[in-house]
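Participant: Input: one structure, supplied below.
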Amino acid sequence: MIAGLIVAAVGDQLVIARPGGDTDAVTSVVLYAGPAMFLLAQSWFILKAFGRVPPSRPVALIAFAALAFATHPLPPIAAAAGAAVVLVGVAIADTRRGNGASD
């Protein structure tokens, strides 16, 4: 999980340094790999602790992969916003599940 946070921080730094223009491949990979690494590690932990992985995790990983390609012609700030939207979706799904609702 810590490695995912570090990679995500590198992605954020790349966006801060150059928020405009097209998103290059390195920025795209780092922007989505960091949160994906975090969610993969968290999913493994949840699986070991509770015996199942919430459906929001695999959906988020698929969304990150799709966005990595889809946001390539967009500015890095838009690519970062895409990653944030996916993470907000995971947080909403977790909140709903915590209140007795299902994903």
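Participant: Checking the conditions here, which among S56, S28 is more than 21 Å from V10 (Cβ to Cβ) and within 15 Å of the chain's Cα centre (by Cα)?
Facilitator: Of the residues listed, the single one that is more than 21 Å from V10 (Cβ to Cβ) and within 15 Å of the chain's Cα centre (by Cα) is S56.
Participant: Same structure again: With the requirement that a residue be surrounded by 14 or more Cβ atoms within 10 Å (Cβ to Cβ) and either over 16 Å from the mean Cα position of the chain (by Cα) or not hydrophobic (A, V, I, L, M, F, W, C) (or both), what does segment 1-13 give you?
Facilitator: Once the filter is applied, which keeps residues that are surrounded by 14 or more Cβ atoms within 10 Å (Cβ to Cβ) and either over 16 Å from the mean Cα position of the chain (by Cα) or not hydrophobic (A, V, I, L, M, F, W, C) (or both), segment 1-13 yields G4, G11, D12.
Participant: Is it the case that L40 is at pLDDT 90 or above, assigned to a helix (DSSP H, G or I) and within 24 Å of I92 (Cα to Cα)?
Facilitator: Criteria met by L40.
Participant: Provide a single number: the residues in segment 1-18 that are assigned to a helix (DSSP H, G or I) and either small (G, A, S) or in contact with a Phe, Trp or Tyr (Cβ under 8 Å, 6 or more places away or on another chain) (or both).
Facilitator: 7
Participant: Let me ask something else about it. Report yes if some residue within segment 43-53 is farther than 13 Å from T71 by Cα and under 15 Å from the mean Cα position of the chain (by Cα); otherwise report no.
Facilitator: Yes, that holds for at least one residue.
This table checks each residue for (1) assigned to a helix (DSSP H, G or I); (2) acidic (D, E); (3) modelled with pLDDT of 95 or more.
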residue: R52; (1), (2), (3): no, no, no
residue: F69; (1), (2), (3): yes, no, no
residue: A79; (1), (2), (3): yes, no, no
residue: V86; (1), (2), (3): yes, no, yes
residue: T95; (1), (2), (3): yes, no, no
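Residues checked against (1) without any contact (Cβ under 8 Å) to a residue 40 or more places away in the chain; (2) charged (D, E, K, R); (3) within 25 Å of R97 (Cα to Cα); (4) surrounded by fewer than 21 Cβ atoms within 10 Å (Cβ to Cβ):
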{"position": "P35", "(1), (2), (3), (4)": "no, no, yes, no"}
{"position": "L39", "(1), (2), (3), (4)": "no, no, yes, no"}
{"position": "W44", "(1), (2), (3), (4)": "yes, no, yes, yes"}
{"position": "K48", "(1), (2), (3), (4)": "yes, yes, yes, yes"}
{"position": "G51", "(1), (2), (3), (4)": "yes, no, yes, yes"}
{"position": "P54", "(1), (2), (3), (4)": "no, no, yes, yes"}
{"position": "I62", "(1), (2), (3), (4)": "yes, no, yes, yes"}
{"position": "T71", "(1), (2), (3), (4)": "no, no, no, no"}
{"position": "P76", "(1), (2), (3), (4)": "no, no, no, no"}
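Participant: All but one of (1) under 26 Å from R96 (Cβ atoms); (2) touching a residue at least 40 places away in the same chain (Cβ under 8 Å); (3) part of a loop (DSSP other than H, G, I, E, B) hold for G21; which doesn't?
Facilitator: Against the list (1) under 26 Å from R96 (Cβ atoms); (2) touching a residue at least 40 places away in the same chain (Cβ under 8 Å); (3) part of a loop (DSSP other than H, G, I, E, B), G21 comes up short only on (1).
The values are calculated or read from the model by the stated rules, or taken from the named source; none is laboratory data. The shown structure was predicted, so the numbers you read here are calculated from the model rather than taken from an experiment. Don't worry about glycine lacking a Cβ; one is built from the backbone with ideal geometry, like all the others, and counts go over all protein chains shown.
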